[in-house]
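Peer 1: Please see the structure below; I have some questions.
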Amino acid sequence: MFLQPVEYLEVAENAANFIKEKLYDASSKRLNHSYRNGPSKAPGFLDDYAFLISGLLDLYEFGGKIECLLWAVQLQVTQAS
């Protein structure tokens, strides 16, 4: 059985939501590097930001949710500073 494109989109959106809820600190606008029984103490690395931004842009292009684009822009501003 093969998944339909909409099912892939749902899985990707769930992954992004997990990252936003568990690995992202909205007050500082910073990512944590990893998660295992809770977020790590290590801050996100440049590649963590780059790959997440890329994924969020893909989600926006395929799913059209403006929230993905806005979060990608916010992450870009954070990692550039």
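Peer 1: Got a sec? Which of Leu9, Leu70 is touching a helix residue (DSSP H, G or I) at 6+ places or on another chain (Cβ under 7 Å), surrounded by 11 or more Cβ atoms within 10 Å (Cβ to Cβ) and of a type in the set (A, V, I, L, M, F, W, C)?
Peer 2: Leu9
Peer 1: What are the pairs with Cβ atoms under 7 angstrom where one residue, in region 53-81, is closer than 21 Å to Ser27 by Cα and the other, located anywhere, is of a type in the set (S, T, N, Q)? Sequence gap at least six, or different chains.
Peer 2: Ile53/Gln76
Peer 1: What's the number of the only condition in (1) open to solvent by less than 80 Å² (accessible area, probe 1.4 Å); (2) closer than 21 Å to Glu13 by Cβ that Lys65 fails to meet?
Peer 2: (1)
Peer 1: Continuing with the same structure: Inside region 12-60, can you point out the residues that are open to solvent by less than 80 Å² (accessible area, probe 1.4 Å) and part of a loop (DSSP other than H, G, I, E, B)?
Peer 2: Those that are open to solvent by less than 80 Å² (accessible area, probe 1.4 Å) and part of a loop (DSSP other than H, G, I, E, B): Leu23, Ala26, Ser28, His33, Ser34, Gly38, Ser40, Ala42, Gly44.
The values are calculated or read from the model by the stated rules, or taken from the named source; none is laboratory data. Treat the numbers as computed from the prediction; the structure is a model and nothing was measured. Because the Cβ atoms are built from the backbone with ideal geometry, glycine has one as well, and the counts that use them run over all protein chains shown. Protein only, heavy atoms only, side chains kept; ligands, DNA and RNA dropped before computing areas. Shrake-Rupley method; radii C 1.70, N 1.55, O 1.52, S 1.80 Å.
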